[in-house]
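The values are calculated or read from the model by the stated rules, or taken from the named source; none is laboratory data. These numbers were taken from a predicted model, which means no experiment stands behind them. Cβ atoms come from the backbone with ideal geometry, glycine included; neighbour counts cover every protein chain shown. These area figures cover heavy atoms from the full protein model, side chains too; ligands, DNA and RNA do not enter into them. Shrake-Rupley method; radii C 1.70, N 1.55, O 1.52, S 1.80 Å.
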Amino acid sequence: MGVRRGAVVWRAVLRRGGVVAAGVRQTWRRSLQVRIVTITLVSSGLLVGGFAYMVVTQITGNLLDNAVADARERLETSRAYAFDQLSVHPRIEPRLQRTFDSTVVALAGGDPDEAGVVVVLTASGYPTIETATSPNVDASALISNELRRTVAGGEVASQIRTGDLGGGPTRYLIYGSPVPAGFGQAEIYRLVPLTTQEQTAVQARTTVLATGVALVLLLAVLAALVTRLVVNPVRDAARTAQRLSAGLLDQRMAVNGEDDLALLAAAFNQMATNLQRQIVRLEEMSRLQRRFTSDVSHELRTPLTTVRMAADLIFAERDEFDPAVARSAELLQAELDRFEDLLTDLLEISRFDAGFAMLDAEPTDLVPVVQRVVDRLTGLAQRCGVPLEAHLPDGAVIAEVDPRRVERVLRNLVGNAVEHGEGRPVEVTLAVDASAVAVTVRDHGIGLRPGEEKLVFNRFWRADPSRARQTGGTGLGLSISLEDARLHGGWLEAWGALGKGAQFRLTLPVRSGDRLTSSPLRLVPTEVMTPIDLRVSADLPLLPGKPDGPSADTGAPAGAAEPAPDTADGTPAEVTR
């Protein structure tokens, strides 16, 4: 039970730590000020820390060197005094022990500046002589055997050791020196406490540390203030640019002072003013152009009606005319039909441009809609020698669409496919899934060159200007079809390759207003895909492609901006408008 509770707590801690870490990473990525302040803190902390370590080390070394020099000097004085006292005893005698005791007492208590100093006088070569210590403490544990052997060998030696002689653990500087005497050799040791030096070193470390922390914090505050002076105008510029991109063209930056940032703000405001003036001018030109197109289209209706009535009369009586005049009447009738279609398309385009196009969506069975389009264009396909095939589901395909607009889109797609079919079959396929319905129109004609997939929806664009139209189109059909697809919230996409034909795919949501995420039909025909492409895309949804490259089914949503390059194996990638 306890293990389970501990595991739960540990997971909660890890989860909380992950949330905090994610927040820190997000703040680090988004805030220039945080990055600069953090870098300043780290760099200044390392620099000040290194400097503080060097200063404290230097101070501690100087204190220890001074203590060593003072201890050595006093040791020489103590050695000389002990030599004078012990030289009166040419041999071991009872009075020698009293001399030992009085000597250490005199050396330990003679100088008030040496409080805490312990003096030890011993003769390690003569066991009968007891070691004399002043003050009367047991200092034998502080004097190591190595130090004893060195001093007994006739050399002056020192060491630093920590011990407790009654006042708590204390570090001692221990110096030892041999003392020649009449009876032989004695050894004198001075145990100097380093309490004062350690206190001084601690104070120095505390002072340097406090100064370093204050300096680092001051540098961080200065960095924050300096970066704030720079970042705030940048943030203001970013906010103003966002408002400008949202259409609020009257937004400007505040200009304060005459420094470089003020010049930047003034230049930004001047740029925004020029852009606003240019955009307003372009909008006005676009509005005038749309109005001109709409007005011309409407104004042409009246004379066109009069011309149409006269042309109908002439066309009805053409059998009574000369063959040349009769042929002229037929050409006049055909061109008037095309002229009327062009005016109708121009009016429709003007409604799209003005934003007045409305969608009359209703639940519609698309099977009869597709079948009706195929039936109406069967005669044209027969005249062009193009077999027209329809692959439709057995049941009904219900979707909330505007049937008039969908039929117009399909009529344009199938008509273009028949016109460019080159006598080969044109296949119309309808499919549906839970969220989308799709229709593909596939021809096996001349196809499209790389990059033309995004041009086919341009107004009045033709792949081959010298090619005669078989259907008498206006050049606006695919543009209107694209706008109809967008009005439904759908996609109209194109794929093509020279010598392999072309395929257009119309994808619409089953429920009006839903957002499309995939299509039930592939944009690239399966027969032109490589085995590797088929394996890669077998388990992937038929998503629309990105503007900068093909998707899993190498499709692209209508309105994509850039063409995708051909693949390495020669399979063309398609990009659509």
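Could you check residue 164 against (1) open to solvent by 60 Å² or more (accessible area, probe 1.4 Å); (2) within 23 Å of residue 66 (Cβ to Cβ) and say which number it fails?
(2)
For segment 181-203, which residues satisfy the criterion of being buried (at least 18 other Cβ atoms within 10 Å of the Cβ) and under 28 Å from residue 54 (Cβ atoms)?
The answer is 192, 193, 194, 197, 201.
Please indicate, with yes or no, whether at least one residue in segment 268-282 is within 30 Å of residue 342 (Cβ to Cβ) and not small (Gly, Ala, Ser). If you could, list the steps in order and put the result at the bottom.
Restricting attention to segment 268-282, the residues satisfying the condition of being within 30 Å of residue 342 (Cβ to Cβ) are 281-282.
Subset that is not small (Gly, Ala, Ser): 281-282.
Yes - at least one qualifying residue is present in segment 268-282.
May I ask you to list the residues in segment 96-123 that are more than 21 Å from residue 170 (Cβ to Cβ) and modelled with pLDDT under 80?
110
Restricting attention to segment 133-150, report how many residues are surrounded by 12 or more Cβ atoms within 10 Å (Cβ to Cβ) and modelled with pLDDT of 85 or more.
Summing the residues that are surrounded by 12 or more Cβ atoms within 10 Å (Cβ to Cβ) and modelled with pLDDT of 85 or more in segment 133-150 gives 7.
Grab the helices (runs of 4 or more DSSP H) fully contained in segment 360-433, keeping just those with 3 or more residues being open to solvent by 20 Å² or more (accessible area, probe 1.4 Å) and under 29 Å from residue 515 (Cα atoms).
It comes to 366-376, 403-419.
Can you go through 60, 40 and tell me which one is among the hydroxyl-bearing types (Ser, Thr, Tyr), more than 26 Å from residue 233 (Cβ to Cβ) and either open to solvent by 100 Å² or more (accessible area, probe 1.4 Å) or in contact (Cβ under 8 Å) with a residue 12 or more places away in the chain (or both)?
Numbers: 40 fails: more than 26 Å from residue 233 (Cβ to Cβ).
Among 60, 40, only 60 is among the hydroxyl-bearing types (Ser, Thr, Tyr), more than 26 Å from residue 233 (Cβ to Cβ) and either open to solvent by 100 Å² or more (accessible area, probe 1.4 Å) or in contact (Cβ under 8 Å) with a residue 12 or more places away in the chain (or both).
Consider residue 299 carefully, then state whether it is at pLDDT 80 or above and either farther than 21 Å from residue 230 by Cβ or in contact with a Lys or Arg (Cβ under 8 Å, 6 or more places away or on another chain) (or both).
Working: at pLDDT 80 or above: no; either farther than 21 Å from residue 230 by Cβ or in contact with a Lys or Arg (Cβ under 8 Å, 6 or more places away or on another chain) (or both): yes.
When the stated conditions are applied, residue 299 does not pass them.
Which is surrounded by 12 or more Cβ atoms within 10 Å (Cβ to Cβ) and touching a residue at least 60 places away in the same chain (Cβ under 8 Å), of 243, 287, 252, 338? Walk me through how you get there before you give the answer.
Working: 243 fails: touching a residue at least 60 places away in the same chain (Cβ under 8 Å); 287 fails: touching a residue at least 60 places away in the same chain (Cβ under 8 Å); 252 fails: touching a residue at least 60 places away in the same chain (Cβ under 8 Å).
Exactly one residue qualifies, and that residue is 338.
Consider residue 71 against the criteria (1) small (Gly, Ala, Ser); (2) touching a residue at least 24 places away in the same chain (Cβ under 8 Å); (3) surrounded by fewer than 11 Cβ atoms within 10 Å (Cβ to Cβ): it satisfies all of them except one. Which criterion is unmet?
Of everything listed in (1) small (Gly, Ala, Ser); (2) touching a residue at least 24 places away in the same chain (Cβ under 8 Å); (3) surrounded by fewer than 11 Cβ atoms within 10 Å (Cβ to Cβ), residue 71 misses just condition (3).
Which number in (1) of a type in the set (A, V, I, L, M); (2) open to solvent by 60 Å² or more (accessible area, probe 1.4 Å); (3) closer than 26 Å to residue 61 by Cα marks the one condition that residue 105 misses?
(3)
The conditions are (1) in contact with a helix residue (DSSP H, G or I) (Cβ under 9 Å, 6 or more places away or on another chain); (2) at pLDDT 85 or above, and residue 520 fails exactly one of them. Which is it?
(1)
Go through segment 270-279 and give me each residue that's of a type in the set (A, V, I, L, M), under 21 Å from residue 230 (Cα atoms) and either open to solvent by 50 Å² or more (accessible area, probe 1.4 Å) or part of a loop (DSSP other than H, G, I, E, B) (or both). Lay out the reasoning, then the answer.
First, the residues of segment 270-279 that are of a type in the set (A, V, I, L, M): 271-272, 275, 279.
Checking which are under 21 Å from residue 230 (Cα atoms) leaves us with 271-272.
Correct list: 271 only.
State the number of residues belonging to segment 505-526 that are more than 23 Å from residue 362 (Cα to Cα) and outside any loop (DSSP other than H, G, I, E, B).
Number satisfying all stated conditions: 1.
If you take the residues in segment 496-517 that are at pLDDT 90 or above and of a type in the set (Val, Ile, Thr), which one is farthest from residue 407 (Cα to Cα)?
510
Modelled with pLDDT under 85, under 34 Å from the mean Cα position of the chain (by Cα), in a helix (DSSP H, G or I) and over 30 Å from residue 161 (Cα atoms): which single residue out of 267, 220, 237 fits that description? Reasoning before the result, please.
Details: 267 fails: modelled with pLDDT under 85; 220 fails: modelled with pLDDT under 85.
Being modelled with pLDDT under 85, under 34 Å from the mean Cα position of the chain (by Cα), in a helix (DSSP H, G or I) and over 30 Å from residue 161 (Cα atoms) holds for just one of 267, 220, 237, which is 237.
Please verify whether residue 96 is within 28 Å of residue 198 (Cβ to Cβ) and surrounded by 18 or more Cβ atoms within 10 Å (Cβ to Cβ), treating the condition exactly as stated. Give the steps one after another, and end with the answer.
Working: within 28 Å of residue 198 (Cβ to Cβ): no; surrounded by 18 or more Cβ atoms within 10 Å (Cβ to Cβ): yes.
When the stated conditions are applied, residue 96 does not pass them.
Is it true that residue 359 is hydrophobic (A, V, I, L, M, F, W, C) and closer than 19 Å to residue 504 by Cβ? Outline the logic, then answer.
On the way: hydrophobic (A, V, I, L, M, F, W, C): yes; closer than 19 Å to residue 504 by Cβ: no.
No.
Which residue is nearest to residue 454 (Cα to Cα), if the candidates are limited to segment 482-502 and must be over 37 Å from the mean Cα position of the chain (by Cα) and open to solvent by 10 Å² or more (accessible area, probe 1.4 Å)?
First, pick out the residues of segment 482-502 that are over 37 Å from the mean Cα position of the chain (by Cα): 498-502.
If we keep only those that are open to solvent by 10 Å² or more (accessible area, probe 1.4 Å) as well, we get 498-500.
On the way: 498: 15, 499: 18, 500: 18 Å.
So, considering only residues that are over 37 Å from the mean Cα position of the chain (by Cα) and open to solvent by 10 Å² or more (accessible area, probe 1.4 Å), the one nearest to residue 454 (Cα to Cα) is 498.
How about segment 386-410: which of its residues are without any contact (Cβ under 8 Å) to a residue 40 or more places away in the chain and out of contact with any strand residue (DSSP E or B) (no Cβ under 6 Å at 6 or more places or on another chain)?
Selection gives 387, 393, 394, 395, 407.
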